[in-house]
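Note sheet for the following structure.
The values are calculated or read from the model by the stated rules, or taken from the named source; none is laboratory data. Model, not experiment: these values are computed from the prediction. Positions of Cβ are backbone-derived with ideal geometry, glycine not excepted, and every protein chain shown enters the neighbour counts. These accessible areas exclude ligands, DNA and RNA; they are computed on the full protein's heavy atoms, side chains included. Shrake-Rupley method; radii C 1.70, N 1.55, O 1.52, S 1.80 Å.
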Amino acid sequence: MKKFLMGNEAIAMGAIHAGVNLVCGYPGTPSTEILETVAKNNDGSIYVEWSVNEKAAMEVAAGASYSGARTLVTMKQVGLNVASDPLMSLAYVGVKGGMVIVSADDPGPISSQTEQDTRHFAQFAKLPVFDPSSPEEAYAMIGDAFAFSEEYGTPVLFRPTTRVCHGCASMEIADTKNVHKPEGFIKDAKWTIFPRLSYQNHIKIEKRNPILGEKLSSYRFNTVTGSGTKGIATGGISYEYIKEALGGCNAKLMKVSTPHPFPEKLALEFLRGLTEVMVIEELDPVIERELIFLCGKHHLNVTIRGKLSGDVMQAGENTVESVKSVLNGYLGLPAPEKSRFLPPLPVRPPVLCAGCPHRASFYAVKQAMKGQKAVFAGDIGCYTLGNAMPLDMVDTCLCMGADVTIAQGMQHIEPDVKHFSFIGDSTFFASGITGVVNAVYNESDITLIVLDNSTTAMTGHQPHPGTGRTMMGNITEKVSIPAILTAVGVKEVSVVNPFHLTEAIEAVKKAAAHKGVSAVIFRSPCIAVSKPVASYQVDSGTCAGCKKCIKEIGCPAISMDSGKALIEPSLCFGCSLCAQVCPCGAMKGVRYS
Amino acid sequence: MTVNCILSGVGGQGTVLASKLIAQAAMDKGQNARTAETIGMAQRGGCVVSHVRIGDEIHSPMIPKHSADVIIGFEPAEAVRCLPYLKKGGVVVVSRKAIPPVTSSLGNSSYNGSEMIAYLQKEVARLIVVDGEKISKDCSSAKVLNVALLGAACASGILGLSMDELKNAISKRVKPQFIEINSKALEKGALAAKMTVPHHT
Ligand code: SF4
Ligand code: SF4
C-alpha cells in the first residue's frame, strides 16, 4: 500500500515488517520517532521500551538477541557514546537473532552537541553499517540489515541522518509482516567473553570483514551509474543533493550505502578509467579516505578530492547549493544563483515556552543567590535554554549527566564559591544518579536542582521511570527521585513547586546553606503535559512600563506595546510568574472555570 | 509538473501539520510528495521551516534556493527570512501579525512586523496578506492560523490543489471535533486571498 511516511516512521515500519520482536532505545533528536512509531503500530506482539539510557537499551536488546529475537535499538549519535561499552564487546561476542542498532547522525549539527560520524564507530567496532539516502531506501534497507545481521551473527549499525529521519516521502510499503519466532537462549561458552575468546573472535572478525566487503560490492543499494573520466563518490542524503544538482548531466557517480566494510570491488570498478574523483559526503571524510587508501593499495593514478583537499566544507550539512558550487568548480556546471540581500531581521533563538516551569526554577535560584558568587552547571534538555538572557543561568553544558560531576570538579578547586547543578528528571534517571553517589561519597559540597517536569520534554515528551507509564501502555511504579536522593545519603532534600516563588527561594537558600550535598526538587509539569488553569492580562492603567516582567523572566508571551507590557493571549499559559514579579500588581489572572 | 512550497513560522504555530495537509492532498491525487521538517530544539519558539515538494522528479527533501513557487509565512519576518528560496514571480502568502521574539522585547528595538510587510510589498510580485488574527477570532480558536493560510495559498491556485481536496485531507489528518472549524478557517483564508488586489499590475 502507498503511504506518506517520515524516514523514522519508515524505519519503524520496515522493522515491524521484518518481524522485529523487541525494540528499545533512549529518546534523542533525530531518532525519537522510530520507537514511538513501533509502539503506535504494535499489535501487542512486540516488546517496546524506553530504556533508562542507551547503554541499558543496548544490553536489553543484546540479551534478547542472544535468545534469538530480532531486535532494534534506537538512539542519536551521542547516545552511541553512552552505549559504546556494550557495543564494542558485543561486536566480539556476536548475536543470534538479528540486531540492528540505529544511531542517527546530525550534520549541522541541528540539535546535537557534536558532529560525530557513526560510520567511524562502525569502523572502530569493526561492524557493518548501512547508510540510507532517503526515507524510501531506509524502509527497504532496514529489512536487509536484519537479514545481514542474522546471516553473519553480528550486530549491524544503521545510520540515517537528520534529513532522512525527518524527511517524509510517499512510498510503497508491505501489507503483511514476517513472523520471527525466537528460539530461546541456548547455553554456550560463546556468550561469556574472556580474553582467550576475544583473541579468537578478533581473528574471525578480521577474516570476515573483507568477505563482507566483497559481498556488499554487489549489494543493491551500492551503485555506480553514469560515465566520464571525472567521477563523484557519495553516500547518504548527499546522493539526493547531487542528483538534484546534476540535473541532466550524466556524470559517473558512485553511491556507497555500506561505508563499512567498504565495497572495495565495486569501488575499483568505479575508479577504472577515472582521472579524478570528487567525494561529497557529510560529517567526516570516510569514503574519501577509503578511496585514497584504495588508490594507494592498487597504485592507481586517480586524484581523490573532497574535504581533505579543501574542495568540500569540513563542517555543517550539505545542501543542493553547496553541492552545486562544488560541481561548478569541478565539472563546470552552472554555479548556484547569488542569494538575495535581506533587510535586518529580528533574531529568534529558541526559548523556554511561555509558562515553562524551568523559568520559575531558574529565577528562584537566581534570586536566592543574589549578591553571592555562584556557578550554575547545566545539562541536556529544554533547560539548556536557561542560558539565554535574561535568565542567564547555565554556565556549562557538556553531556548527559555532567552537570552533577562538573560542579564537583569546580567545587574542589574553588571551595568558597557556591556550586549548583541543574538536571532534568529524565536526565537524572539516565545518568545523574551515579554522579550524586560520587558527590556524597567524596564529600562534595554542591546543591543539586532537579527540574522535575514529569516528562522528557525536549525530544517530544516521552515517559520515563518517574512517570509511571511504559511504552507497552502499562501503569507501573513511579520511581521516586527524593527517595533515591535520600537513599544515597543526601541529607538535605526538599520538594517545592517553583511557581510558589517565595517558598521556592527559601528552599534554595536553605539548601545552599547546607554543608555537603543538598538537593531541591522543583516539581511542576511541562506545559505540554498539563492544561492551563488561568490566563493573565496586563491592566494597562496599573502597568508603569518598567519592563521588569520582561527583563527579569523573559517570558515570550510578554512584549511591549506603546510603553506598556502586553500579554499575547494565545501564548500565555497562566503560570503567574510575571504577576509575582510585577512590582505594580498590573498582571491580572482570570481562572478558567 | 512540480510544486515547491515553503512554510515558515515560529515553533508552535502548526507549520508541520499544514505541510502534512498539502502532502496528503497531493498524494490522494496520485502525486508524489516529499517534505522536510524542523524538529527538535528550534521548536521551542525558534524559527521553523517546512519544505513541501510535489512531483515525480524530486530528489532533495529540501527545496533549493530560488525554486519555491510559494512561501507561506506564518509571521512577517519569518516570511522575509525565507525569501531567498522564492522563485522569480513566486507567490508569498503571509499572516500580518508579528510575533516579537524575546530578544527584541529585551532590547529597545520595537519590531512589529509592519516594516516586514512593507518590504514584502516592495519585493514580491504576488503577495497575499492574511489577517490571521481576525480569522482566528471569527473561528474562536487561536489554532487555525495554519489552515487559514493554506486556504489563501490554495485560492491563489499555486498549489495545484482544490479546496475540496484540502478539505478532504483535513478530514483525514485532523481530530473529528476540529474538522468543522478548520474547514471554516480554510474558507475564510481563501476569501482573504480573493479580496487581495494585485498591486503590481
Ligand atoms: S516543552 Fe516543556 S520543558 Fe520544554 S521549554 Fe516548553 S514547557 Fe519547558
Ligand atoms: S502568566 Fe505571565 S509569565 Fe506565565 S505564561 Fe502568562 S505571561 Fe508568561
- Note on the structure: Largest first and rounded to whole Å, the semi-axes √(5λ) derived from the alpha carbon gyration tensor of the range A:241-307 read 19, 15, 11
- At what distance in nm do the modelled label points of A:Ser45 and A:Leu398 sit from each other, each positioned 7 Å from its Cα along Cα→Cβ? 4.7 nm
- Query: Per q in 0.14, 0.20, 0.28, 0.29 1/Å, what log10 I(q)/I(0) does a Debye calculation on the alpha-carbon atoms of the range A:492-555 return?
  - Reply: -0.64, -0.96, -1.16, -1.18
- Looks like chain B, by Cα gyration tensor root eigenvalues a ≥ b ≥ c and the a/c under 1.5 rounded cutoff (else prolate when a/b is bigger than b/c, oblate otherwise), is rounded
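Tell me the net charge near A:Ser454. Cut-off is 9 Å between Cβ atoms, A:Ser454 excluded, with +1 for each Lys or Arg and -1 for each Asp or Glu. If you can, show how the numbers build up before the last one.
Working: positive: A:Arg523; negative: A:Asp425, A:Asp452.
Its environment carries a net charge of -1.
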- What is the diffusion coefficient of the range A:357-529 in µm²/s, taking the Kirkwood radius over Cα pairs and the Stokes-Einstein relation at 37 °C with a viscosity of 0.692 mPa s? 208 µm²/s
- Task: Would you mind telling me which residue in B:Lys134, B:Lys184, B:Lys29 has the biggest mean-square fluctuation in a Gaussian network model of chain B, where springs connect alpha carbons within a distance under 10 angstrom?
- Result: B:Lys29
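How much length is gained if the chain between A:Glu214 and A:Thr192 is pulled fully straight, taking 0.36 nm per residue apart and subtracting their Cα-Cα distance, in nm to one decimal? Please report the intermediate quantities before stating the final value.
Values: separation 22, 0.36 × 22 = 7.92 nm, distance 3.03 nm.
The span from A:Glu214 to A:Thr192 would gain 4.9 nm if fully extended.
Taking 60 Å as R0, compute the FRET efficiency from the Cβ-Cβ separation of A:Thr225 and A:Asn442 and round it to 0.05.
Values: r = 60 Å, r/R0 = 1.00.
Using R0 = 60 Å, I get an efficiency of 0.50.
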- For the range A:2-215, divide the Cα radius of gyration by the Kirkwood radius and give the resulting Rg/Rh value with two decimals. 0.95
- Return the ratio Rg/(2.2 N^0.38 Å) for the range A:257-361, where Rg is computed over Cα atoms only. 1.61
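Ranked from highest to lowest mean number of other Cβ atoms within 10 Å per residue, what is the order of the peptides B:69-77, B:12-20, B:188-196? Could you put the intermediate results ahead of the total?
Numbers: B:69-77: 27.3, B:12-20: 22.1, B:188-196: 18.6.
So the order, starting with the most tightly packed, is B:69-77, B:12-20, B:188-196.
Of the accessible area of chain A, with the probe set at 1.4 angstrom, what percent is carbon plus sulfur? Provide the component values of the computation, followed by the final result.
Details: 13080 of 23560 Å².
The computed percentage sits at 56.
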- Message: When 1/r is averaged over all different Cα pairs and the result inverted, which Kirkwood radius in Å belongs to the range B:1-87?
- Response: 12.8 Å
- Item | Partners for B:Lys188 among lysines (Cα-Cα distance below 19 Å; same-chain residues under 8 apart left out) | B:Lys97, B:Lys134, B:Lys137, B:Lys143, B:Lys167
- Using a 10 Å cut-off on Cβ to Cβ distances, tally the other chain neighbours for every residue of B:95-101 and report the average as a whole number. 4
- Got a sec to turn the phi values of the range A:215-228 into Karplus ³J(HN,Hα) couplings, 6.51 cos²θ - 1.76 cosθ + 1.60 with θ = phi - 60°, whole Hz, x for Gly and Pro? 4, 5, 4, 10, 5, 4, 9, 9, 9, 10, 9, x, 8, x
- Task: Report, ordered by chain and residue number, the lysines lying within cross-link reach of A:Lys3, taken as a straight Cα distance under 18 Å and ignoring same-chain residues fewer than 8 apart.
- Result: A:Lys40, A:Lys177, B:Lys20, B:Lys29, B:Lys172
- Item | Angle in degrees between helix A:135-152 and the longest Cα principal axis of chain A, rounded to the nearest 10 | 70 degrees
- Query: What is the antiparallel percent of DSSP beta bridges lying wholly in the protein assembly as shown, to the nearest 5?
  - Reply: 35 percent
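Can you give me the convex hull volume of the Cα atoms of the range A:59-109, divided per residue and expressed in Å³?
Residue-normalised Cα hull volume stands at 66 Å³.
Which translational diffusion coefficient, to the nearest whole µm²/s, is obtained for the range A:534-591 from the Stokes-Einstein equation, given a Kirkwood hydrodynamic radius over C-alpha pairs, 20 °C and 1.002 mPa s?
Working: Rh = 10.9 Å.
D = 196 µm²/s.
Show me A:307-319, A:513-525 ranked by packing, highest mean number of other Cβ atoms within 10 Å first. Present the calculation step by step, with values, prior to reporting the outcome.
Values: A:307-319: 16.2, A:513-525: 20.0.
In descending order of packing, they fall as A:513-525, A:307-319.
Let a ≥ b ≥ c be the square roots of the eigenvalues of the Cα gyration tensor of the range A:439-583; is it rounded (a/c under 1.5), or, if not, prolate (a/b larger than b/c) or oblate? Numbers along the way, then the final one.
Numbers: a/c = 3.22, a/b = 1.51, b/c = 2.13.
Note, shape of the range A:439-583 comes out oblate.
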- Please determine, in degrees from 0 to 90 and to the nearest 10, the orientation of helix A:286-297 with respect to the longest principal axis defined by the Cα atoms of chain A, where the helix direction is its Cα long axis. 30 degrees
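Around A:Tyr241, what is the net charge, scoring Lys/Arg as +1 and Asp/Glu as -1 over all other residues with Cβ under 14 Å from its Cβ? Intermediate results must be reported in sequence, preceding the final value.
Working: positive: A:Arg163, A:Lys243, A:Lys255, A:Lys324, B:Arg34, B:Arg53, B:Lys65; negative: A:Glu240, A:Glu244, A:Glu281, A:Glu282, A:Glu317, A:Glu321.
For residues surrounding A:Tyr241, the net value is +1.
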- Query: With axes computed from alpha carbons, what is the tilt in degrees of helix A:320-331 against the longest principal axis of chain A, rounded to the nearest 10 within 0 to 90?
  - Reply: 40 degrees
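Evaluate peptide B:134-144: per residue, the Cβ atoms of other protein chains within 10 Å of its Cβ; return the mean as an integer. Working shown, then result.
Working: counts 0, 0, 1, 0, 0, 0, 0, 1, 4, 1, 0.
Mean shielding by partner chains, rounded to a whole number: 1.
Give me the net charge for the shell around A:Val394: Cβ to Cβ below 13 angstrom, other residues only, Lys and Arg +1, Asp and Glu -1.
Details: positive: A:Arg359, A:Lys366; negative: A:Asp379, A:Asp392, A:Asp395, A:Asp403.
Around A:Val394, the surrounding residues sum to -2.
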- Query: Averaged across the residues of B:79-87, what count of C-beta atoms belonging to other chains lies within 10 Å of each residue's C-beta?
  - Reply: 3
- Which whole-Hz couplings ³J(HN,Hα) result when phi for each residue of the range A:475-488 is put into the Karplus expression 6.51 cos²θ - 1.76 cosθ + 1.60, θ = phi - 60°, listed in order with x for Gly and Pro? 9, 10, 4, 7, 7, 8, 5, x, 5, 5, 4, 5, 4, 7
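Cα gyration tensor of the range B:85-201, axes a ≥ b ≥ c as square roots of the eigenvalues: rounded (a/c below 1.5), prolate (a/b > b/c) or oblate?
Numbers: a/c = 2.24, a/b = 1.27, b/c = 1.77.
Oblate is the answer for the range B:85-201, as a/c is 1.5 or above yet b/c matches or exceeds a/b.
Computed on protein heavy atoms with a 1.4 Å probe, what is the summed buried accessible area for the chain pair A and B, in Å² to the nearest 100?
Looking at A and B, the buried total is near 4600 Å².
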- Note on the structure: Over 21 Å (Cα to Cα) among A:Lys96/A:Lys204; A:Lys2/A:Lys76; A:Lys126/A:Lys207; A:Lys418/A:Lys510; A:Lys190/A:Lys265 -> A:Lys2/A:Lys76; A:Lys190/A:Lys265
- From phi via Karplus (6.51, -1.76, 1.60), per-residue ³J(HN,Hα) for the range A:97-102 in Hz, x at Gly/Pro: x, x, 10, 10, 9, 8
- Task: For the protein assembly as shown, go through all pairs of different Cα atoms, get the mean of 1/r, take its inverse, and jot down that Kirkwood value in Å.
- Result: 28.2 Å
- Task: Any chance you could check the Cα centroid distance between the range A:296-347 and the range B:35-81 for me, in angstrom?
- Result: 22 Å
